[in-house]
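Student: This is the structure, below, for whatever I ask next.
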Amino acid sequence: MLVFPNSELMAASVRNQMDDPGCEFPGSCASLSSCLSSCVDEINTYQLTGFERIGKALVIQRELSLEENELTPSFKLIPRRIEEKYQAYIQVMQQQDYDNLPDDAYVIELD
């Protein structure tokens with residue numbers, strides 16, 4: 001799983017009233033990766049089949065964009081383009097070679 005956080009929300013200094021009070025309010029991608037760990041573990045707990053489980057995950061400190069052809073004009077993902085563009089991240093994750101992880105990526109530790 002690749003996570004691309006919204007930089008505007010990451011920079012926000014005030015919590016939204018809709019936010020879960022039990023959830024952290026991460027101000028950086030590093031703290032977001034720690035926060036998401038328990039969320040992903042919870043998702044995996046409820047997945048009935050193995051292929052639906054999230055085995056490895058990274059937070060990448062950039063947003064997907066229309067200009068980079070990663071999103072359609074209606075803001076839907078273009079999976080093939082994202083997979084091509086982030087192939088280096090995916091390879092590092094698959095090989096668990098986290099020492100060679102680009103500086104803008106953070107591992108989400110999963111149980």
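Nothing in this text is a laboratory measurement; each read-out follows from the coordinates by a stated rule. Being a predicted model, the structure only gives us computed values, none of them experimental. Note: ideal-geometry Cβ built from the backbone for every residue, glycine included; neighbour counts use all protein chains shown.
Student: On the Cα set of the chain, report Rg and Dmax in Å, please.
Tutor: 14.9, 40
Student: Additional query: Quick one: net charge of Tyr86's neighbours, Cβ under 14 Å, K/R +1, D/E -1? All intermediate terms of the calculation are to be shown ahead of the outcome.
Tutor: Details: positive: Lys56, Arg62, Arg80, Arg81, Lys85; negative: Glu63, Glu68, Glu70, Glu83, Glu84, Asp104.
Summing Lys and Arg as +1 and Asp and Glu as -1 gives -1.
Student: Here's something else I'd like to know. Quote the FRET efficiency, to the nearest 0.05, computed for Ile43 versus Leu2 with a Förster distance R0 of 22 Å and r equal to the Cβ-Cβ distance.
Tutor: About 0.90, to the nearest 0.05.
Student: Normalised by the residues of the chain, what does the relative contact order come to in percent, with Cα pairs under 8 Å and at least six apart? Kindly include the intermediate steps, with their values, before the conclusion.
Tutor: Working: 118 pairs, mean separation 38.8, N = 111.
Relative contact order of the chain: 35 percent.
Student: Given the rule -39500 (n - 2.57) for each run of at least 4 DSSP H residues, summed and divided by the residues of the chain, what is its mean residue ellipticity at 222 nm, to the nearest 500 deg cm²/dmol? The partial results should precede the final answer.
Tutor: Details: 4 runs with 39 residues, N = 111.
Rounded to the nearest 500, it is -10000 deg cm²/dmol.
Student: Gaussian network model of the chain, Cα springs within a sub-10 Å range: biggest mean-square fluctuation belongs to which of Gln96, Gln61, Gln47?
Tutor: Gln47
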